[in-house]
Structures are given as structure tokens and as C-alpha cells.
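Colleague: Dropping the structure in here first, questions after.
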Amino acid sequence: MKIMSIVGARPQFVKEAIVQHELNKVEGINEILVHTGQHYDENMSGSFFETLSMRKPDYNLGLSGGSHGKMTGEMLIALEELMLKESPELVILYGDTNSTLAGALTAAKLKIGVAHIEAGLRQHPKDMPEEINRVLTDRISKYLFVPSEWGMKNLEAEGIREGVHFTGDVMYDIFLKMRPTFDKSYHSELGLEPGKYIVMTMHRDFNVDDRETLTEILNGVGRIAREIPIVFTIHPRTKARIEEFKLSSMLKDILVVPPIDYLKLMGLTQHAYAAITDSGGYQKETYFSGKKALVLMPDTSWIELVDEGINVLVSGADIYDAFSGLKTGDFKENIYGSGDAAKRIVSIISQNI
Ligand code: UD1
């Protein structure tokens, strides 16, 4: 069976790493790996393939940047050509990025089955690009691999029942697999004391593209940084907006570092006090690491963590108060399965060869 896996953005490399590992174990499956090129900086892309011991992509389309329509449109054209050339029987897609939607749409139009890993998640605001991408991808998928019980309920409520499988979260699998190799020395390189710093990531359009919102967030975070060091691994999009809005001086109390690879970020997190993030993946990885997160989102697709009191949804206006009210405590375990999601996914796919 020929399978085409499509990745493009940072979180997808992490998910593909573990699924690829399981696919490799099955005789008769031939996986072709396509990188759309959406993320291209070494520290946003290449470093992941090395640190997660992944096979290099068979194709890199080199398509990145520009408006959503342009990026998605160019991907459609290039992916169609490639699918016609390679004739895969199944296309595997991850999460909610423009690369996901482009892959799903191309495959569905060519009547090639789509397997969506991380299906069923829903989130406000409904007009955020990731929400549009995941809702549409779920609609045209043949296999919907769902990471959480809440995701199962969402699909049920939308009347999507065929091909739906609860598997748990592949990000938990890779976390467990890679944990012995986490690079736990980065905090000391940065001069930080264990348990006494916050790790921050932020890149969502609704947080960084509006000057006023971004200013309010940087204000709140700046107040926190005067009480506990914050190390901010800055995404290229966020860096560009801060420069464009001339807000660089608001970062003066924050330790800003470039994006870091998976093993470094996970290592840094193991010794952190807590995290501030708007990343879908990282707000779970902090939970896997036993850390709380202040989540800069009006809503989240990982709502269980909020319901359990592990994560707190915040805005720039209330982040400081939320930080002051943070309490540590025991976390409910295994909310996202038992670490065998990729195995389950590959077993379902291979039973249907
Ligand atoms: C994308 C995903 C988001 C995911 C995130 C992880 C969509 C709609 N969004 O958001 O769901 O959480 O990736 O990081 O697909 N850039 C660089 N170098 C890079 C990558 C990007 O300079 O290696 C620049 C791009 O040129 C662009 C900006 O950063 O100007 C944003 O990149 P883009 O891929 O459009 O979206 P993200 O914000 O990264």
C-alpha cells in the first residue's frame, strides 16, 4: 500500500515522527513523505528531522509565506501534480494548518482516501485559520483519528460517524519515546535556576497581528517578568509583528531566544515553573511535563486541561492576575490516552489495506 504523508509546519514534524516510526514496522506499506515547505527556517523545520531521527522528505515543495489563499492555492496545484504522479491509496494529514487543508482537498478531489490525525477538535474564534482548516478537513476525511473524548463528542454532534476512531494523542507517544533524550541543560546555558522560570511561546494571528492586543499581552507578560524570569522562544511571525509595530522595547525584561528544537524545548520545560503559550501542541506538552500553562486563547481545542484546572485561558488584560493565582498540585493522568496512539492508527490503516 502506498501512503503519502504530508507535513509543512513545526507541530506536524513532531507528529509525523512517531507515526512514521510505526508505519516503518508494517510490511507492505510504502510511505512517501512530502514537506510543503510552509516552515523552512532550520530551527522551525530541518532541526526537527535531525533531532527526531526522521527520514528526510521525499519531496519538498518549497511553498511558504504569502496570503492564505496564495499559499493554499499553490499547495493545491503542486500536491495534485504529485498525487497524480505517485498515485497513493491514502493520504495522511495532521492537525489544522494550511498544509493540512491543501492536502485534504487535493486528495478528496482525486478520490484518494484522507486520514486525518487529530480529528474532531473544535475551537473559537470560528474564523481563525486553524479552525477553518480542521473543520473542512474532517468533513472530507475517510479516517478520523481522534485524540480526546471531547473530540469524539464534537464529531457526533456534527453527525460525523463513519471512519471515526478514538486513538489518543500521538504527541503523547512521541513525548514518552523521546523523554530520555530531552536536552535538560539549556536552562543553565541561559543562566536560569530550575523551577524558577517561565517558558513562553506565542504566534497566533489573533494575539500578534493586532497592535493593541499585542501591546496588552506584552504589558501583562512584562509585569510577570519582573517577578520571575521569562524565556520567550520567539516565532518568526511574532518577531516580525513586534518589529513592525515598534514594540521591541517592551521585551526588555524578557529573555528572548530563537525558536528551539523539540528536545531543547522539552528539556527546558521539565525544569520550568510554568508556561505561557498559545500553541495547541505546547499547552499539552506542558501538561505531559507536569507543568501548568497560562493559555493565551479565548478558547482551546484541549478543553479538558482547563476543566481539570491544569491550564487557564487568559488574555493580556488578565494574565498577570492569573499568574498570581497559579497553584501547583497533582494532575489527572492519561487524559490523552496511554501513549499508543500511533500504534493504533497504523493498525487500523493496515487492517484496511
Ligand atoms: C502555522 C499554522 C499554525 C501552527 C504554527 C506552528 C496555519 C494557518 N497555521 O502558523 O496552526 O500552530 O504554524 O508554528 O497553517 N516563517 C518564517 N520561517 C519559517 C516559518 C514561517 O519566516 O520557518 C514566517 C512565514 O513566512 C510567515 C510567518 O512566519 O510570514 C507565519 O508562518 P505561517 O506558516 O504562515 O503560519 P504560522 O504562524 O507559523
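Colleague: Which cross-chain or sequence-distant (5 or more) residues have an amide H under 5 Å from the amide H of residue 92, H modelled 1.01 Å from N in plane?
Modeller: 4, 5, 6, 115
Colleague: Dividing the convex hull volume of the Cα atoms of segment 134-248 by its residue count, what figure in Å³ per residue is obtained?
Modeller: 178 Å³
Colleague: Sorted by average packing, counted as other Cβ atoms within 10 angstrom per residue and highest first, what order do 2-8, 76-82, 141-147 take?
Modeller: Working: 2-8: 25.7, 76-82: 17.1, 141-147: 23.9.
Highest mean packing first, the order is 2-8, 141-147, 76-82.
Colleague: Using DSSP to call loops (not H, G, I, E or B), can you name the GluC sites (Glu not before Pro) in segment 304-353 whose Cβ has at most 14 other Cβ atoms within 10 angstrom?
Modeller: Details: sites: 304, 308, 333; in loops: 308, 333.
When the GluC sites (Glu not before Pro) of segment 304-353 are filtered for loop state and at most 14 Cβ neighbours within 10 Å, 308, 333 remain.
Colleague: Sort the following peptides by mean Cβ neighbour count (other Cβ atoms within 10 Å, averaged over residues), highest first: 209-215, 236-242, 134-140. The partial results should precede the final answer.
Modeller: Numbers: 209-215: 14.6, 236-242: 17.3, 134-140: 19.7.
By packing density, highest mean first, the sequence is 134-140, 236-242, 209-215.
Colleague: If you don't mind, there's one more thing I want to ask. Kindly provide the Kirkwood hydrodynamic radius of segment 164-203 in Å, to one decimal, from all pairs of distinct alpha carbon atoms.
Modeller: On the way: mean 1/r = 0.0763 Å⁻¹.
One decimal place: 13.1 Å for the Kirkwood radius.
Colleague: Moving on. So how do 165, 116, 124, 187 line up by other beta-carbon neighbours within 10 Å, fewest first? Present the calculation step by step, with values, prior to reporting the outcome.
Modeller: Numbers: 165 16, 116 27, 124 12, 187 24.
Starting with the residue having the fewest Cβ neighbours, the order is 124, 165, 187, 116.
Colleague: For residue 200, what residues show an amide H to amide H distance below 5 Å, using hydrogens built from the backbone and excluding near sequence neighbours?
Modeller: Hits under the 5 Å cutoff: 231, 232, 233, 276.
Colleague: Let me ask another. So, R0 is 25 Å and r is the distance between the beta-carbons of residue 237 and residue 87; what FRET efficiency does that work out to, to 0.05? It would help to have the intermediate numbers written out before the result.
Modeller: Details: r = 36 Å, r/R0 = 1.43.
Efficiency, rounded to the nearest 0.05: 0.10.
Colleague: Normalised by the number of residues in segment 13-103, what is the relative contact order in percent for Cα pairs under 8 Å and 6+ residues apart?
Modeller: Values: 80 pairs, mean separation 25.3, N = 91.
Rounded, it is 28 percent for segment 13-103.
Colleague: Let me check against my output: what whole-number percent is the relative contact order of the chain, with C-alpha pairs under 8 Å and at least 6 apart?
Modeller: Values: 665 pairs, mean separation 59.4, N = 353.
Result for the chain is 17 percent.
Colleague: For 232, 13, which order do you get if you count the other beta carbons within 10 Å of each Cβ and list the fewest first?
Modeller: Working: 232 20, 13 26.
Lowest to highest Cβ neighbour count: 232, 13.
Colleague: Output the relative contact order of segment 163-236, whole-number percent, from Cα pairs under 8 angstrom with separation of 6+ residues. It would help to have the intermediate numbers written out before the result.
Modeller: On the way: 35 pairs, mean separation 25.8, N = 74.
Across segment 163-236, relative contact order equals 35 percent.
Colleague: I'd like to know which of 37, 57, 298 lies farthest towards the positive end of the charge dipole of the chain, counting +1 on Cβ of Lys and Arg and -1 on Cβ of Asp and Glu.
Modeller: Among 37, 57, 298, the one farthest towards the positive end of the dipole of the chain is 57.
Colleague: Can you classify segment 246-301 as rounded, prolate or oblate using the Cα gyration tensor, where a ≥ b ≥ c are the square roots of its eigenvalues, rounded means a/c under 1.5, and otherwise it's prolate if a/b beats b/c and oblate if not? Write out the running numbers ahead of the final one.
Modeller: On the way: a/c = 1.94, a/b = 1.29, b/c = 1.50.
Oblate is the answer for segment 246-301, as a/c is 1.5 or above yet b/c matches or exceeds a/b.
Colleague: Can you list the equivalent-ellipsoid semi-axes of segment 181-324, largest first and in whole Å, using the square root of 5 times each Cα gyration tensor eigenvalue? Please list the in-between numbers first.
Modeller: Working: eigenvalues 88, 68, 40 Å².
For segment 181-324, the semi-axes come out at 21, 18, 14 Å.
Colleague: In nm, give the distance between the simple-model label positions of residue 326 and residue 142, each being 7 Å from the Cα along the Cα-to-Cβ direction.
Modeller: With each label placed 7 Å out from Cα toward Cβ, I get 4.5 nm.
Colleague: Run the dipole for segment 181-324 about the Cα centre, Lys and Arg Cβ at +1, Asp and Glu Cβ at -1, nothing else charged, and hand back the magnitude in debye, nearest 20.
Modeller: The calculation lands at about 440 debye.
Colleague: Mean 1/r over all different Cα pairs, inverted: what Kirkwood radius does the chain give, in Å? Numbers along the way, then the final one.
Modeller: Values: mean 1/r = 0.0485 Å⁻¹.
In the chain this quantity evaluates to 20.6 Å.
Colleague: Another question, if that's okay. Under a point spin-label approximation (7 Å from Cα along Cα-to-Cβ), what is the residue 348-residue 227 distance to one decimal in nm?
Modeller: 4.3 nm
No value in this document is a laboratory result; all are computed from the given coordinates. Bear in mind the structure is a predicted one, so any value in this text is a computation, not a measurement. Counting neighbours? That spans all protein chains shown, and the Cβs are built from the backbone with ideal geometry, glycine included.
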